[in-house]
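The values are calculated or read from the model by the stated rules, or taken from the named source; none is laboratory data. Values in this document were obtained by computation on a predicted structure and should not be read as measured data. Neighbour counts are summed over all protein chains in view; Cβ atoms, including those assigned to glycine, are modelled from backbone coordinates with ideal geometry. The accessibility values were calculated without ligands, DNA or RNA, using every heavy atom of the protein model including side chains. Shrake-Rupley method; radii C 1.70, N 1.55, O 1.52, S 1.80 Å.
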Amino acid sequence: MFMSDLQLDSASRAERSVAVSVRGVTMDFGSGSPAVKDASFDVETGSFLTILGPSGSGKTTLLRMIAGFQKPTQGTITIAGKPVDADPPNRRSIGMVFQKLALFPHMTAAENVAFPLKMRRTNPAEISGKVEKFLNLVKLDGYAERRPHELSGGQQQRVAIARALVFEPELLLLDEPLAALDRKLREEMQLEFRRIQKELGVTTINVTHDQREALVVSDDIIVMDQGLIQQHDRPVGLYRAPNNLFVASFIGVSTFIDGTLTADGLKVGDLLLPGSATPEATLGAPARGAVRAEQLRIGAGPEALAGCEIEMDGKVEDVIFEGERLIYVVGCERAPDIKFQIYHHDPHSFDIFEIGSPVRIGWHGKDMKIFNHDA
Amino acid sequence: MTSSSQKLIFWTLVGISIITLSMPTIIVLGASVTSGNIIAFPPDGFSLKWYEKIAMARELRLALWRSLIVSTVCVIVSLPVGTVAGIALTRYRLKFVNLINIYLLLPFTVPLIGSGIGMMLVFGEWGILGNVWPVGVACAVINLPFVIWSVSSSAAALDRDLELAAENCGAGRMETFWYVTLPAVMPGVITGGLLMFVLAMTEFLVSLLLTDARTVTLPVQIYNNIRSIITPDLAAISVVFVVIALIAVWLLDRLVGLEIFLKSK
Ligand SMILES: Nc1ncnc2c1ncn2[C@@H]1O[C@H](COP(=O)(O)OP(=O)(O)OP(=O)(O)O)[C@@H](O)[C@H]1O
Ligand SMILES: [Mg+2]
């Protein structure tokens with residue numbers, strides 16, 4: 001399934017219809033650099049797009065402009081083929097789940113869900129039918145008469161999503177609504193959002209700073225930093241082929257190696273490490289290599305490293321146990337400034353290497369990505 | 001210190017505070033049920049004859065009735081204005097907010113006698129003196145900051161995202177105000193309304209300036225009576241005032257107990 005996703009070329013993607021189109025959108029609050037700079041992207045009808053980025057990268061600002069709460073300084077937003085720049089928020093057919101949910105505290109769950117329909121002058125019989133249907137969709141039958149403060153965090157989330165979807169909007173916006181939940185509930189709700197989104201086929205733009213959530217739930221991911229779109233790609237593409245150093249370091253766990261780019265690879269002191277350089281990387285300039293923790297091999301001797309072009313001796317300096325996985329931190333005499341972070345590979349036993357044990361590590365040259373790096 | 005001696009000290013302090021705070025009320029209550037002819041505490045025997053006397057006194061009944069009208073007019077005038085102003089001051093970025101806030105403090109810096117005389121002149125000019133309702137309007141004007149403050153404190157606690165959520169659900173400005181903003185500030189509106197009612201009920205100085213023999217309100221009537229002779233019926237009237245205030249507090253508790261519903265989580 002992943003491979004076929006990967007092989008979807010740009011031509012076949014272009015054939016699908018576009019639900020939301022953002023063109024050259026900039027938001028300048030007039031305090032320092034703009035919160036969003038010249039953002040342009042399309043969202044396919046029925047797809048799930050995640051905007052991923054660190055705090056302050058402009059994610060919420062971008063979402064608020066799409067919702068109509070803020071007017072872009074420049075640029076145009078088109079929804080279902082119509083430019084919406086002149087439309088106030090209540091004239092845009094967009095459902096939104098807020099970061100703090102923003103359920104109406106004086107209304108019951110059912111009244112909250114009914115509100116968008118009431119505002120659209122839907123007749124009462126139809127309202128009660130739809131409210132029932134959507135409370136059922138989010139598995140909240142039996143909670144209709146409760147007020148938000150009488151519901152658990154997860155149940156409040158469900159009310160919020162039902163309220164955002166009940167009027168069958170063209171677009172659903174999610175502004176980190178899961179950030180406040182504990183991990184287990186968050187992961188459960190991620191899958192729940194995905195299920196509901198698939199079931200209704202509603203185009204969705206989700207905002208998060210949780211890379212795991214982005215990879216798990218999205219069809220497409222946009223990585224943002226400092227108001228700029230860094231990369232727009234499918235999850236697998238983003239993970240396998242990061243465009244730049246920011247994307248490489250923001251997603252996944254990698255070890256970084258600083259050096260100079262040569263025609264044969266990255267030169268670090270007297271070491272020459274083969275790797276694949278991004279097109280932007282310039283020969284002779286300072287560069288930074290990145291190898292993912294799962295692509296580094298570790299073993300007691302050379303036999304564990306079959307096929308690795310690069311090998312070196314090292315010593316385990318730390319062992320980080322994260323439950324489902326284990327990370328070795330390894331130092332090597334030949335590259336003294338670098339702490340290699342390596343996933344443990346044996347699924348049947350943990351802790352083969354104690355802190356202090358001598359090990360041999362290595363990797364395939366093609367697994368190291370080399371990026372421009374202004375030191 | 002042991003916990004039992006801590007407890008003893010705590011309850012002693014609580015007891016002293018309660019007694020000092022309620023002393024005037026208790027004395028007035030006691031004095032009002034005396035069976036003697038002079039105001040005294042402890043009361044000289046028990047009787048309800050002074051309550052009977054004030055109930056029979058025509059001028060007191062009329063004065064109470066006028067005071068109720070004054071209070072009602074005051075609430076009707078001040079509540080819509082104060083509510084909108086209180087919300088506007090906190091919710092929307094108005095220019096000169098600080099200036100407006102200072103202006104709202106004016107009633108407390110200009111002595112009541114000043115604003116009272118001012119209004120006497122204006123109302124005299126307009127030829128509306130001699131009516132009861134202008135007293136209510138005057139009370140509304142001088143006490144307006146109380147409603148504004150009480151509404152703004154509710155409005156400040158309101159999550160701005162609630163209004164955005166309403167707009168996102170398709171509500172226009174008026175609908176957002178009516179269905180979301182107003183219910184959220186309702187505790188402040190109710191508190192402000194009851195406060196205005198009680199303040200107007202007991203307002204003396206401004207009433208004194210704006211009323212004549214035909215329009216005296218209850219506080220002014222009591223003052224007139226004191227000037228002649230202090231009898232236990234005054235204590236009985238005071239008890240009536242205390243009861244009105246208690247009813248207001250009770251209503252507040254009943255109505256603003258709703259506040260729990262209005263706050264999320
Ligand atoms: N109304 C505003 N006025 C001025 N600056 C603003 C305003 N809203 C956001 N900003 C600035 O714009 C930048 C982007 O903010 P934004 O809220 O979009 O970030 P974010 O990516 O959503 O971050 P987070 O993950 O913390 O929610 C920040 O530097 C912020 O200070
Ligand atoms: Mg945000």
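The figures follow:
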| item | result |
| --- | --- |
| List A:SER276, B:SER153, ordered by accessible area with a 1.4 Å probe, largest first | B:SER153, A:SER276 |
| Accessible surface of segment B:57-228 [probe 1.4 Å, protein heavy atoms]: carbon and sulfur percent | 70 percent |
| Euclidean distance of C-alpha centroids, segment B:198-217 and segment A:263-318, integer Å | 91 Å |
| Proximal lysines relative to A:LYS369, as straight alpha-carbon distance under 19 Å, when same-chain residues fewer than 8 apart are discounted | A:LYS267, A:LYS339 |
| Lysines whose Cα lies under 27 Å from that of A:LYS139, excluding same-chain neighbours fewer than 8 positions away | A:LYS100, A:LYS118, A:LYS130, A:LYS184, A:LYS198, B:LYS263, B:LYS265 |
| From phi via Karplus (6.51, -1.76, 1.60), per-residue ³J(HN,Hα) for segment A:54-68 in Hz, x at Gly/Pro | x, 4, x, 7, x, 4, 4, 4, 4, 5, 5, 5, 5, 6, x |
| Surface accessible to a 1.4 Å probe, A:SER31 within the full protein complex, Å² | 90 Å² |
| For segment B:213-230, Karplus couplings with θ = phi - 60° (6.51, -1.76, 1.60), whole Hz, Gly/Pro x | 3, 7, 10, 4, 9, 4, x, 5, 4, 4, 4, 4, 5, 4, 4, 7, 7, 8 |
| Virtual spin-label span in nm between B:VAL110 and A:LEU272, 7 Å along Cα→Cβ | 9.0 nm |
| Among beta bridges that DSSP assigns inside chain A, antiparallel share in %, nearest 5 | 75 percent |
| Accessible area (Å², 1.4 Å probe, nearest 10) - B:MET23 | 80 Å² |
| Occluded residues from segment A:81-104, i.e. those whose accessible area drops by 50 Å² or more once the chain is not alone (1.4 Å probe) | A:ASN90, A:PHE98, A:PHE104 |
| Kirkwood hydrodynamic radius of segment B:1-94, from inverse mean 1/r over distinct Cα pairs, in Å | 18.4 Å |
| Peptide A:115-121 - average C-beta neighbours from other chains (10 Å radius) | 5 |
| Under 17 Å from A:LYS82, Cα to Cα: lysines that are on another chain or at least 8 residues apart | A:LYS71 |
| Solvent-accessible surface ranking, highest first, for A:HIS209, A:HIS373, A:HIS364 at 1.4 angstrom | A:HIS209, A:HIS364, A:HIS373 |
| For the protein assembly as shown: rounded, prolate or oblate by the Cα gyration tensor [a/c cutoff 1.5] | prolate |
| Order of exposure, largest accessible area first, which applies to A:ASP220, A:ASP28 with probe 1.4 Å | A:ASP28, A:ASP220 |
| Rounded accessible area per residue of chain B, 1.4 Å, Å² | 56 Å² |
| Segment A:107-161 - Rg (one decimal) and Dmax (whole number), Cα, Å | 10.5, 31 |
| Accessible surface buried once A binds B (1.4 Å probe; total of both sides; Å²) | 2200 Å² |
| Low-density loop positions, GluC sites (Glu not before Pro), segment A:246-341 - DSSP coil, at most 11 other Cβ in 10 Å | A:GLU280, A:GLU322, A:GLU324, A:GLU333 |
| Antiparallel content of DSSP bridges confined to the protein assembly as shown, in %, to 5 | 75 percent |
| Helical contribution to [θ] at 222 nm, DSSP H n ≥ 4, -39,500 (n - 2.57), averaged over the protein assembly as shown, rounded to 500 | -15000 deg cm²/dmol |
| Efficiency of FRET from Cβ geometry, A:ARG91 and A:ALA241, R₀ 35 Å, rounded to 0.05 | 0.30 |
| Förster radius 35 Å - calculated FRET efficiency between B:ILE247 and A:ARG120 (Cβ-Cβ, nearest 0.05) | 0.20 |
| Accessible area per residue in Å² at 1.4 Å probe, computed on chain A | 46 Å² |
| Rg/Rh (Cα only; Kirkwood hydrodynamic radius) as it applies to segment A:253-372 | 0.98 |
| Cβ-isolated cysteines (cut-off 4.7 Å), the protein assembly as shown | A:CYS308, A:CYS332, B:CYS169 |
| Of all accessible heavy-atom area on segment A:253-372, the percent that carbon and sulfur account for (1.4 Å) | 53 percent |
| Distance between segment A:148-223 and segment B:149-189 - C-alpha centres, whole angstrom | 25 Å |
| Sparsely packed trypsin sites (Lys or Arg not before Pro) within segment B:133-234, loop by DSSP, other Cβ within 10 Å at most 11 | B:ARG214 |
| Overall form of chain B per C-alpha gyration tensor (a/c, 1.5; a/b vs b/c) | oblate |
| Global geometry of segment A:1-160, whether rounded, prolate or oblate, following the gyration tensor of its Cα atoms and the 1.5 cut on a/c | prolate |
